[in-house]
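All remarks here apply to the structure that follows.
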Amino acid sequence: MGSDVSGSSAVLRAVEVVKRYDELRALDGLSLEIYEGEILGLIGPNGAGKTTFINVVCGLIRPDSGKVYYYGENILEKNVYELARAGIVKTYQIPRVFGNLTVLDNLVASASWLKMSVEELRKAAHDSLRLVKLDVKADLLGSQLSGGERKLLEFARAMMLKPRLLLLDEPFAGVNPVLKSTLIDALKKVNMQGLSILIVSHDMAEIRRLCKRVVFMAAGSKLLEGSPDEVLRNEEVVKLYLGVKRHAAG
């Protein structure tokens, strides 16, 4: 589970963020904080605005109004490359793998803009692959990896960029239990080293394992925040989210 963040300052603070698509408000005045050294879970039904929010944070989407502060600086005028250099890195629901490159070269290519020699890049790539136990597959082509292994590669590629704030979009979806355990161990390790992490996920078992605090989103805004058990026992959350999932499962 994430490290103790009592008394920690905010790495990121979003204030009344709004994003409209015609008449739809994907984000409707969303405000939340991510604290130094925590793993925050961001949960809610499909269409709640979770992915839209992390795309705003990493510079892929410009909101219509509101502010987002990263270590006290409003970052909404910065582009995705500037934010990546500042330490805000995200992974994608569908991993973006270069199928014609080796697993190792996938990492080297993703970090080629860093001020590092080729030798330094390759060493960093080996270290990142070792973190997720893909070092034994370093010479395979990206196209030879399974879907779950591609999720691990996506995480390793993010770690090549030395993030200070890591945004994970559905990292556990489509990952088998063994590889999921590897990813969870890696997340715990880098979090204990001080990395702040935001996880968007529908996997409540893993959210409970990793997060001391979760934010529940609905209709583009924050409905509730607290410990996983507090939030997931809330009647409105059950009605809007868990109840829908149970009905769908039945």
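The values are calculated or read from the model by the stated rules, or taken from the named source; none is laboratory data. What you see is a predicted model; the values in this text were computed from it and never measured. For neighbour counting, all protein chains shown are included, and Cβ atoms are generated from backbone atoms with ideal geometry for every residue, glycine included.
The table below lists the values:
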quantity	calculated
Elements of type helices (runs of 4 or more DSSP H) in the range 159-250, at least 3 residues being without any contact (Cβ under 8 Å) to a residue 40 or more places away in the chain and closer than 28 Å to VAL132 by Cβ	177-192, 204-210
Residue list for the range 48-79, filter: surrounded by 15 or more Cβ atoms within 10 Å (Cβ to Cβ) and of a type in the set (Ser, Thr, Tyr)	THR51, THR52, TYR69, TYR70, TYR71
Answer from LYS133, LYS115 - the residue that is of a type in the set (Lys, Arg) and over 20 Å from LYS189 (Cβ atoms)	LYS115
Condition check for VAL118: hydrophobic (A, V, I, L, M, F, W, C), modelled with pLDDT under 95 and more than 24 Å from LEU167 (Cα to Cα)	yes
Residues within the range 80-120 that are surrounded by fewer than 16 Cβ atoms within 10 Å (Cβ to Cβ), among the polar types (S, T, N, Q) and under 18 Å from the mean Cα position of the chain (by Cα), tallied	1
Selection status of ILE75, among the aliphatic types (A, V, I, L, M), touching a Phe, Trp or Tyr at 6+ places or on another chain (Cβ under 8 Å) and under 30 Å from VAL17 (Cα atoms)	yes
Count of the range 121-150 residues which are surrounded by fewer than 12 Cβ atoms within 10 Å (Cβ to Cβ) and part of a loop (DSSP other than H, G, I, E, B)	1
Sole exception among (1) surrounded by fewer than 19 Cβ atoms within 10 Å (Cβ to Cβ); (2) under 30 Å from ALA124 (Cβ atoms); (3) among the acidic types (Asp, Glu) for GLU236, by number	(2)
Hits in the range 197-225 (condition: over 21 Å from VAL17 (Cα atoms) and in contact with a Leu (Cβ under 7 Å, 6 or more places away or on another chain))	MET204, LEU210, CYS211
